[in-house]
Structures are given as C-alpha cells and as structure tokens.
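The values are calculated or read from the model by the stated rules, or taken from the named source; none is laboratory data. On a predicted model such as this, the values are computed, not experimentally measured, just so you know. Ideal geometry is used to build each Cβ from the backbone, glycine not excepted, and the neighbour counts take in all protein chains shown.
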Amino acid sequence: MKHLITKILNLGACIYDKWARHNLLEIYEKLINLADINGNERILDIGCGSGTLNLMIAEILNEGSVCGIDVAPKMINIAKKKAKEQDYKIDYKVGSSTKLPYENNEFDIIFTCLMYHHLTYEEKSETLNEIQRVLKQDGKYFSFELCGSPDDLFHQIFLKLFTGNSGIMQGLYPVEIIDKSGFYIEKEIKGSSFAKHHHTSYRVLKIEHG
Ligand SMILES: C[S@@+](CC[C@H](N)C(=O)[O-])C[C@H]1O[C@@H](n2cnc3c(N)ncnc32)[C@H](O)[C@@H]1O
C-alpha cells in the first residue's frame with residue numbers, strides 16, 4: 001500500500017464503510033444489473049473495499065461464488081466481519097490488483113468500483129493485464145470509475161493534494177491501456193455522478209479474440 005490516498009482510506013475504513021453504504025448502493029445495483037448475474041458464476045471484486053458490493057452479489061448467488069481482494073487490511077477486516085455477520089461465504093484476500101493471487105481463466109465476471117484513481121499509470125496497465133489473465137476467455141469485466149478531472153476547483157485541489165505527482169490521476173482509466181491489454185469496450189455509459197462533481201463511466205469490457 002504505497003499511495004497516500006489508499007493509506008488514508010485504510011485508516012478511515014470504518015468511516016468509509018458507512019459512507020459507501022449510504023452513497024454507493026445505486027452504483028452497485030447498476031453494476032449488478034449490467035452483469036445480469038445468473039447465480040452460478042465465479043465472481044471477483046478487485047479493490048473491494050469494505051465489501052458491500054460483494055454482500056449484494058452473495059445474496060443472489062446459487063452455485064456460484066464471490067471473492068474480494070484489496071490492498072488495505074482494515075478494509076478487508078471489515079468486509080470479513082460483515083460477511084460473517086450475514087452468514088455469507090466470501091473469500092477475501094489482502095493483495096494487489098497488479099499481482100492477483102488467482103489462476104489463469106478463473107473468473108466469469110470481474111468488477112472494479114472506484115479503484116483506478118488509486119493507481120499510477122503503470123499500475124493501471126498492470127492491473128488490466130492481470131484482469132485479462134484471470135478472466136475466462138468469454139468472461140466479462142464490469143467497472144464503475146472516475147473518467148475525467150472534476151469540474152470544480154475544490155475537488156480538483158482535493159484530489160491533487162492526496163495524489164501529488166504520482167501520476168495517479170493521469171488518464172484516470174484511459175482507453176489506450178484498455179486496447180493494449182487486449183480488451184475492447186462492449187458498452188459504455190457515461191455521466192456525472194457521485195455527488196455530481198465527478199465524471200464517471202460504467203464500462204463493460206470483453207477480451208478481444210484474434
Ligand atoms: C474508493 S475505494 C472503493 C472500494 C470499493 N470498491 C467500493 O465500491 O466501496 C478504493 C479501494 O481500492 C483499494 N485499492 C487501492 N489500490 C489497490 C490495489 N493496487 N489493489 C487492490 N486494491 C486497491 C483501496 O484500498 C480501496 O479500498
């Protein structure tokens with residue numbers, strides 16, 4: 001966990017959990033609807049935070065399974081506690097999106113939600129390569145991410161302060177690294193969301209064949 005923004009969220013994991021449960025439910029619902037889950041898939045949520053999306057997925061699973069991974073140990077602790085309280089079997093790991101501890105072609109569906117603004121340009125590229133590796137050839141990757149600098153000066157300065165010159169904000173979730181990692185965008189829904197300050201995008205990515 002190298003970046004300031006990630007360290008701060010880890011320390012404030014309890015507060016983040018409450019904030020996410022209050023503000024992000026609509027986004028999670030939209031991601032789940034986009035994925036059209038039949039309940040028998042093997043699913044991975046990368047940068048899963050405190051695990052609220054995973055709980056919503058677990059609720060609609062039949063024979064399938066859901067895993068979550070995050071670099072922040074405090075986030076994973078909260079996610080594990082919530083799953084235990086609700087009696088769901090969710091396989092949580094502390095680990096990085098740039099080196100996923102999973103087999104090739106393991107998952108039918110992969111999600112990321114609001115993770116790319118924590119990654120440098122190189123890490124974004126490594127992450128997409130890793131997603132390509134662990135996703136099945138006919139699998140789908142669904143994301144909800146920031147896709148441009150905020151409109152207002154306050155949020156621009158706020159993000160700059162936490163991300164410094166690390167290149168974290170560079171391109172946010174750039175299309176050229178999507179192409180390079182062998183994905184194509186099957187569907188994209190853009191809009192302003194998330195307290196209206198941020199440009200965001202839902203993307204459905206599939207592996208390019210041939
Ligand atoms: C804004 S939070 C979003 C959490 C969750 N997806 C949600 O919707 O509530 C970003 C999360 O990405 C995690 N993260 C940052 N860099 C990561 C990396 N390289 N690999 C895995 N998780 C990472 C952070 O620890 C944090 O929990």
Output yes when any residue across segment 170-179 is over 13 Å from the mean Cα position of the chain (by Cα), farther than 24 Å from L24 by Cα, modelled with pLDDT under 95 and small (G, A, S), and no when none is. no
Among the residues of segment 129-149, is there at least one that is closer than 24 Å to L24 by Cβ and more than 17 Å from the chain's Cα centre (by Cα)? yes
Might you check whether a residue that is surrounded by 17 or more Cβ atoms within 10 Å (Cβ to Cβ), away from the ligand (no atom under 16 Å from the Cβ) and not hydroxyl-bearing (S, T, Y) occurs anywhere in segment 151-164? no
Among the residues listed as N54, N77, the single one being surrounded by 19 or more Cβ atoms within 10 Å (Cβ to Cβ), within 15 Å of the ligand (Cβ to nearest atom) and either farther than 19 Å from G12 by Cα or in contact (Cβ under 8 Å) with a residue 60 or more places away in the chain (or both): N54
Looking at K84, K2, which one is over 24 Å from H117 (Cβ atoms) and basic (K, R)? K84
Of everything in segment 9-43, what is more than 10 Å from the ligand (Cβ to nearest atom) and of a type in the set (V, I, T)? Give them in sequence order. I15, I32, I37, I43
Search segment 141-156 for residues that are of a type in the set (S, T, N, Q) and pair each with any residue that is in a helix (DSSP H, G or I) when their beta-carbon atoms are under 7 Å apart and the residues are at least 6 apart or on different chains. S149/Q156
In segment 77-94, what count of residues is obtained for those that are in contact with a helix residue (DSSP H, G or I) (Cβ under 9 Å, 6 or more places away or on another chain) and not hydroxyl-bearing (S, T, Y)? 10
Exactly one condition in (1) in contact with an Asp or Glu (Cβ under 9 Å, 6 or more places away or on another chain); (2) in a strand (DSSP E or B); (3) surrounded by fewer than 19 Cβ atoms within 10 Å (Cβ to Cβ) is not met by T112; state its number. (3)
Tally of residues being part of a loop (DSSP other than H, G, I, E, B) and either over 27 Å from K136 (Cβ atoms) or out of contact with any Asp or Glu (no Cβ under 8 Å at 6 or more places or on another chain) (or both) across segment 173-207: 6
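Yes/no matrix, rows are residues, columns are (1) within 15 Å of the ligand (Cβ to nearest atom); (2) modelled with pLDDT of 95 or more:
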{"position": "D45", "(1), (2)": "yes, yes"}
{"position": "L61", "(1), (2)": "no, yes"}
{"position": "S65", "(1), (2)": "no, yes"}
{"position": "S97", "(1), (2)": "yes, yes"}
{"position": "E103", "(1), (2)": "no, yes"}
{"position": "T112", "(1), (2)": "yes, yes"}
{"position": "T120", "(1), (2)": "yes, no"}
{"position": "F142", "(1), (2)": "yes, yes"}
Where the second residue is in a loop (DSSP other than H, G, I, E, B) and of a type in the set (F, W, Y) and the first is loosely packed, with under 13 Cβ neighbours inside 10 Å and lies in segment 1-28, which pairs have Cβ atoms under 8 Å and are six or more apart or on separate chains? N23/F194
Is it true that K93 is surrounded by fewer than 21 Cβ atoms within 10 Å (Cβ to Cβ), of a type outside the set (V, I, T), modelled with pLDDT of 95 or more and in a strand (DSSP E or B)? yes
